[in-house]
1. Count, please, the residues in segment 165-183 that happen to be open to solvent by less than 10 Å² (accessible area, probe 1.4 Å) and of a type in the set (S, T, N, Q).
2. Within segment 196-209, track down each residue that is surrounded by fewer than 18 Cβ atoms within 10 Å (Cβ to Cβ) and closer than 10 Å to GLU260 by Cβ.
3. Among residues belonging to segment 281-291 that are in contact (Cβ under 8 Å) with a residue 60 or more places away in the chain and among the hydrophobic types (A, V, I, L, M, F, W, C), point out the one that is nearest to ALA182 (Cα to Cα).
4. Conditions first: (1) open to solvent by less than 50 Å² (accessible area, probe 1.4 Å); (2) over 17 Å from GLY206 (Cα atoms). VAL239 passes all but one, so which condition is the exception?
5. I'm trying to understand the selection: among the residues of segment 44-75, which are of a type in the set (Gly, Ala, Ser) and in a strand (DSSP E or B)?
6. Could you list, in sequence order, all residues of segment 1-43 that are in contact with an Asp or Glu (Cβ under 9 Å, 6 or more places away or on another chain), part of a loop (DSSP other than H, G, I, E, B) and closer than 17 Å to PRO92 by Cβ?
7. Restricting to segment 37-62, count the residues that are more than 23 Å from the chain's Cα centre (by Cα) and either over 21 Å from VAL171 (Cα atoms) or open to solvent by 30 Å² or more (accessible area, probe 1.4 Å) (or both).
8. Looking at segment 319-363, which of its residues are of a type in the set (Asp, Glu) and touching a strand residue (DSSP E or B) at 6+ places or on another chain (Cβ under 8 Å)?
Amino acid sequence: MSQDLPASYPWIARLISIPTESGSSNLPLIEELEKAFGEYGLEGVRTYSEDGTRANLFVTVPASDGQTNGGIVISGHTDVVPVAGQDWDSDPFEATVRGTRLYGRGACDMKAYLGVAMHLLPELIALRAAGSLRLPVHFAFSYDEEIGCVGAPSMIQEFSARGIQPTFCVVGEPSSMRVISAHKGAHRGRVSFTGIAKHGSLAPHGVNATVPAAEFSVFLNDLANSWAAEGPFDSDFVVPHSTGGVNYLRAGVQYNIVAERAELEYDFRTLPSVSTESVLETLDAELLGPITQRFSAAAARAEQLAEAPAGSLVQRLEIKHELLARVPGLKTADDAPLVLLAQHWLNNAAAPEKVTYGTEAGQFQQAGVQSIICGPGDIAQAHTPNEWIELDQIRACEDFIRQIFVWAAKGTESTAAQA
């Protein structure tokens, strides 16, 4: 290996070489991680996806006295976005160095962070073996983050049920090694509508499912416009208000058949001050109120025109609303202990920043774990063809995580003031 490469490069290259596109199995990578921890007698806990093909892994390195409560979580997701349809100059699942950059799927988002943590694991173990580790360090590796932070909740629920309550969590999403203290909530939902199919020439005798779908799309667009006009606002975000809209809509069979089915998916991104529940209540109130009433009225008119028994068509209508992904916002105070510590570990007192994308940090925060985002790489390079990360970002991450381990060796969380 070239002396110009970061020391953690072999681990990063190993992780990039294991394809873990969201929705596909990440078990080979999980097994690789388990093997590394197992060399030190550490056994993690898996939590699985419903079909068993993907798993989270949570591993605790206890303090030298055996303590497992408190301490800090090093958190990252194992999945990457697909490469299909992208034009790559090199094999996306082979780490490739060109100049000062490392290329590969996940190089930036976020296998560099995971690789750095695994590379430094022996240093952490040495501290524990020497009796110097006073706080536990937890490692949290999740699945399917890229499709809505789907995996992490079961992992958080599992370690909480075991009575493990970490104090801090650093989620290593690419932030150019800056401290991110807040992000918006990110939510994805699906609404499906079932109407009554009919030949196009007898359209009034059917009930077109595209109509309520279109009405809902307009309603959500109007709601987003009201957020833009009336707030609430937070000028620290690039887009200073909550946003939302229907970004996927599929309906009907062909032009001359009244559409029996319509299905849409929406996305809304809320400021941390706006609760998920309040938005969902607003959406459900519209779906179950005005939209259902107009949908039912259309069926009642069709019954009369087709001389069908009263209620026979109305009862066949259906509106189904599912929340597919719920990523709570993150809001950690600028003067929170973890923020001050991270500034100390980075030797950078710059004010923490806020980002529009969602992460698992909000999920850890909801579980009572003070959380921030800080990881190597620029989010602008994530998900792109020829995804890359600057080698200097990897080196900076090595220094950062090493400082976390040194802090864990020094004492209790009350020493946050040392920053």
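1. The total comes to 2.
2. Correct list: ALA197 only.
3. Among them, the one singled out is LEU283.
4. Of (1) open to solvent by less than 50 Å² (accessible area, probe 1.4 Å); (2) over 17 Å from GLY206 (Cα atoms), only one is false for VAL239: (1).
5. ALA55, SER75
6. SER17, ILE18, THR20, SER22, GLY23, SER24, ASN26
7. Initial filter on segment 37-62 (more than 23 Å from the chain's Cα centre (by Cα)): 37-43, 61-62.
Subsequent filtering for residues that are either over 21 Å from VAL171 (Cα atoms) or open to solvent by 30 Å² or more (accessible area, probe 1.4 Å) (or both) retains 38-43.
Total meeting the criteria: 6.
8. Of segment 319-363, the ones of a type in the set (Asp, Glu) are 322, 334-335, 353, 360.
Within segment 319-363, GLU322, ASP334, GLU353, GLU360 qualify.
The values are calculated or read from the model by the stated rules, or taken from the named source; none is laboratory data. Here the structure is a predicted model, which means the values were calculated and not measured. Here the Cβ is made from the backbone with ideal geometry for all residues, glycine too, and neighbour counts use every protein chain on show. Surface accessibility is based on the protein's heavy atoms, side chains included, excluding ligands, DNA and RNA. Shrake-Rupley method; radii C 1.70, N 1.55, O 1.52, S 1.80 Å.
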